[in-house]
Amino acid sequence: MNMFKTMFGLTLLTLLLVFAGGFAGGPRGAVIALIVAGIGNFIAYFFSDRIVLAMYGAQELSPDQAPAIHRMVEDLAEKAGIPKPKIYGIPSSTPNAFATGRNPSHAAVAVTQGITSMLSERELRGVLAHELGHVINRDILLSTLVATLAGAIGHLAFVARWFGPSRDDEDSGGGILGLLIVGIVLPIVAVMVQMFISRQREFMADETGGRLCEDPVSLATALQHLEIGAKQVPMDATPATAHMFIVNPLTGGGLMSLFSTHPSTEERVQRLMTLAQDLGRA
């Protein structure tokens, strides 16, 4: 079901792009916007791991520095049939973690100092399994594709706001209404769809990680502890990288939940407990 929702979101973004392109610049405008957004995200796809690790001051940890984490990641990677990712430590007391890398052969898992001191070994194993779930599901590739589509829509919206609709749309009489939709409404909808897809990938990583570590309950309790810890010790994170962390380092509720990169911890825990029952691990 999560994969179906993800594909639905991708299809919707594509349709929004076609509509915006036809209005702002015709088919050629859509192609140009897609190319412009694609170039930026192509670069991000190959270098985002180094960029985000540098942003948070992450340093690679040797097996001597973090023997337990290396042991757990090696075991989980072997079970998953993927190369062992590199392990990085982030000098932050906020409990959190993320995975990055364009494919399983170029992956890295980063953990904060706070997470290693807060969680039990079982819970930390569940978190590491979740992060490997992102690697297994190739979520970096998917997020790059989604960002390309949403970015192209944003470019077309900018063109529409400043330069008006294409001549064909103007002649059809739909200029003012179309300008309102493409210039204002579509970018908002595109971001909402992008965040919706991000939330579905978190659900999938939870399920993949829960099955991989064979202990969904430990991942569920880890999420609860991490949510509390992230609120008690806020992290200086950027909105552009918030989706990468296992729990959202940014806060926001109510209407802002529509733009959240993460589903609610309560719903994630409920799904993990259901998975535990299905696996006979409750």
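No lab work stands behind these numbers, since they all come straight from the coordinates. Just so it is clear, the structure is predicted and the values come from calculations on it, not from any experiment. Every residue, glycine among them, receives a Cβ derived from its backbone with ideal geometry; neighbour counts consider all protein chains shown.
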Mean separation of Cα pairs under 8 Å and 6+ residues apart, divided by the residue count of the chain: what relative contact order is that in percent? 24
Note the angle between two axes, namely the Cα long axis of helix 265-278 and the longest principal axis of the Cα atoms of the chain, as a number of degrees from 0 to 90, rounded to the nearest 10. 60
Taking only Cα atoms of region 85-150, what ratio of Rg to Rh do you get with Rh as the Kirkwood inverse-distance radius? 1.03
Extend 7 Å from the Cα of residue 60 along its Cα-to-C-beta direction; within region 101-144, residues with backbone N under 16 Å of that point are 101-102, 105-111
Determine how many Å³ per residue the convex hull of the Cα atoms of region 59-170 encloses. 142
Peptides ranked, highest mean first, by Cβ atoms within 10 Å: ranges 64-70, 121-127, 98-104, 151-157: 151-157, 121-127, 98-104, 64-70
For region 65-115, restrict the atom set to alpha-carbon positions and state the Rg and Dmax in Å. 11.1, 32
May I have the extent of the alpha carbons of region 194-282 along their three principal axes, as whole Å values ordered from largest to smallest? 38, 27, 22
Provide Rg and Dmax in Å for the chain, with only Cα atoms included in the calculation. 20.4, 70
For residue 266, placing the label point 7 angstrom along Cα-to-beta-carbon and taking region 189-233, residues whose amide nitrogen sits under 19 Å are 199-200, 203, 220-232
Taking the 0 to 90 degree range and rounding to the nearest ten, how far is the long axis of helix 26-55 tilted relative to the main principal axis of the chain, both from C-alpha atoms? 20
Quick one: work out Rg over Rh on the C-alpha atoms of region 181-241, Rh as Kirkwood radius. 1.13
If each K or R counts +1 and each D or E counts -1, the residues other than residue 280 whose Cβ falls under 14 Å of its Cβ total -1
Would you mind getting me the FRET efficiency between residue 82 and residue 214? Use the beta-carbon distance for r and R0 = 22 Å, nearest 0.05. 0.85
Is there a quick way to get the dipole size of region 82-165? I mean about its Cα centre, with the Cβ of Lys and Arg at +1 and of Asp and Glu at -1; what is the value in debye to the nearest 20? 180
